[in-house]
1. Within the stretch 74-198, how many Lys pairs that are eight or more residues apart, or on different chains, come under 17 Å at the alpha-carbon?
2. Neighbour counts of other C-beta atoms within 10 Å: give me D75, D514, D162, D123 arranged from fewest to most.
3. Roughly what % of DSSP beta bridges within the stretch 455-575 run antiparallel, to the nearest 5?
4. Taking the Cα centre of each part, how many Å lie between the stretch 458-478 and the stretch 18-71?
5. For the stretch 115-198, just say rounded, prolate or oblate: build the C-alpha gyration tensor, square-root its eigenvalues into a ≥ b ≥ c, call rounded for a/c under 1.5, and beyond that prolate if a/b exceeds b/c, oblate if not.
6. For the stretch 74-198, give the magnitude of the charge dipole about the Cα centre (Cβ charges: +1 Lys/Arg, -1 Asp/Glu; no others), in debye to the nearest 20.
7. Does the stretch 455-575 come out rounded, prolate or oblate by the C-alpha gyration tensor, with a ≥ b ≥ c the root eigenvalues, rounded set by a/c under 1.5 and, if not, prolate when a/b is larger than b/c and oblate if not?
8. Which ordering of C299, C495 is given by a fewest-first count of other beta-carbon atoms within 10 Å?
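Taken together, the values in this text are just the output of simple stated rules run on the coordinates, not laboratory data. Keep in mind that what you see is a predicted model, and the values were worked out from it rather than measured. Cβ placement follows ideal geometry from the backbone for every residue including glycine, while neighbour counts extend to all protein chains displayed.
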Amino acid sequence: MKLYRNLSIKSKVFLMIILIMILIITLAFSSLYYAYSVYDRQLYNKSYRLLNLSSTTVDLELKKLEAVSLAIIADRQIQKSLKDLLNEDADYSAYLTRQTIVDRLWSHISMAERYVQSVQLIDSKGKVNRYGETITIPEDKYARMIDAAHEGGGAVRWLYPDDVDPMLIMVREVRSYEPMTLEKIGILYLRINIERLAQDYAGVASEDSDIILKSGQELVYPYGKVLPSVAAALQPLNAGDGYEIKEMNGDIAFVSQKHSSYTGWTYYNFVRYNDIFEKTVWLKNTMIVVFVLAIVIVCALGMGFARNLTKPIRLLISQMKEVQYGDLDHMDSHLSAPAIQQMDEVGLLQRTFRLMIARINTLIKENYANQLVIKETEFKALQAQINPHFLYNTLDSIHWLAKKSKHTQISSMVISLGYLLRSSISLKQNVITVAEELEIVKHYITIQKHRFQHRLDFHMNVPETFYGVSLPKLTLQPLLENAIQYGVETMIEPCRITLSAELMDDKFALIVEDLGPGMEEEFLQRVLRGEVQTRGTGIGLLNIRDRIQLAFGEDYGIRVESVAGAWTRVIVLLPFPQEV
């Protein structure tokens, strides 16, 4: 710390800039790497959740197709027709029975024909009853279908797409259940368009990702569209469901997997790592280069800034040292030299110092002692002037004397006069609230009430909702003064003056209305243009309007309405809510 305190300002500024840059870069890198790690985890979790949803949806649709196959083999008419074919020898009768089977197959498949390419039912005679697309199946695959059906014993078995048929085949035995002999009476198999089903329900996570279905080492989807090396690289994870990053066909890929408990298949989703992270890596490297360049540039600029900042300070220090040792004569040469045109704090300091030295020299040469005496005399004369607090204290003394003598009217008027005097002289606030302005109005009306007695009929109706609205100080009191001067004073009978508030065209309006003699329209326009010489010496309408517009803008101000011989109304328009 001692070493730091003894450093020059230039070194301190340069060191501070370097430390700030290091701190900012450290925080920036830490934040970015944290953000990238969070992004990576969210991407992995999102990919896995998408795969989980896709596998669940595909399994659900396959279960629906299994339910369709169960409905077919349990259909009473199909059961009866297959039993009849066991004993029928007549070709025509068997033909009609098989037509009945085809009709029933159609009725069951019609609701699921988007995914069922065809349905075939092999009866006990080895004849095929089919509905849908006709395809020739090789004998070896046909034999595998029969074996799979027998192996299942009535349960569903799957045959996967191959070069002969790209469809997924669901096969199961049909057994008799009325009566419950469980006699083998046929074999049912459905050819399912697994590609259409997967595209509808599994979908694709993005343009750069793929979903693959495998049963052990056999490819279920998409058949013929995946490189053998990629398909072989997709193997179940040791930890079961989840995701990992592995090399596939020479590329690094993000792989997530989900095992289906229903079919026993494994769903894979893989995304080539470079496709999704290439721009991120490029951005990281670019930012490192940018930060390094920023450090070099900031260091260079910081050194120049520190040098330019301390150069005039060093010059000022050298001049101050000359004054310190009383070498004012030598300072004259510096004062006559052209000043540095620099208007920052240091430049202003130099300018002030030069003016100060010049003034000191002038005072020394022009009878400095006499000038001090004159200044001291003027200062004492200013102190002897009447202080406004003297007036406040005097009014306070009158108030207590009146109160002691039980002159309540005098006491009340003195209190109100003192409040008005404080409010008028106080310069602390130019804009006050409606509540504060109404307090001034109440004291002013108190004085005028004592003056005019019953001739002044004043009513105030300003809801407390508007007490927080702001307005320029002494806005209402001059308006009430005008109403009294041109209304109450000119009438013998009582004059009613009303102060109210309301919302008018999305603006807050304070309305001062008197039932006085009013004004002609032409005379009113001359007043608003300032062409009429008023009787008063206080704050006029134009002054109030200008102060409101200076505070809140040209959209606000005052509006005057009057009817000769009837009334005069002054409307003060202010923002509500506040729009200063």
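1. Lysine pairs, 8 or more places apart or on different chains, close enough: 9.
2. The order, fewest Cβ neighbours first, is D162, D75, D123, D514.
3. Values: 23 of 29 bridges.
About 80 percent, rounded to the nearest 5.
4. 61
5. On the way: a/c = 1.83, a/b = 1.72, b/c = 1.06.
Prolate, since a/c reaches 1.5 and a/b exceeds b/c.
6. Working: 17 positive and 20 negative charges, 70 e Å.
Its charge dipole is roughly 340 debye.
7. On the way: a/c = 1.79, a/b = 1.26, b/c = 1.42.
It comes out oblate by the Cα gyration axes.
8. Values: C299 14, C495 22.
Ranking C299, C495 by Cβ neighbours within 10 Å, fewest first, gives C299, C495.
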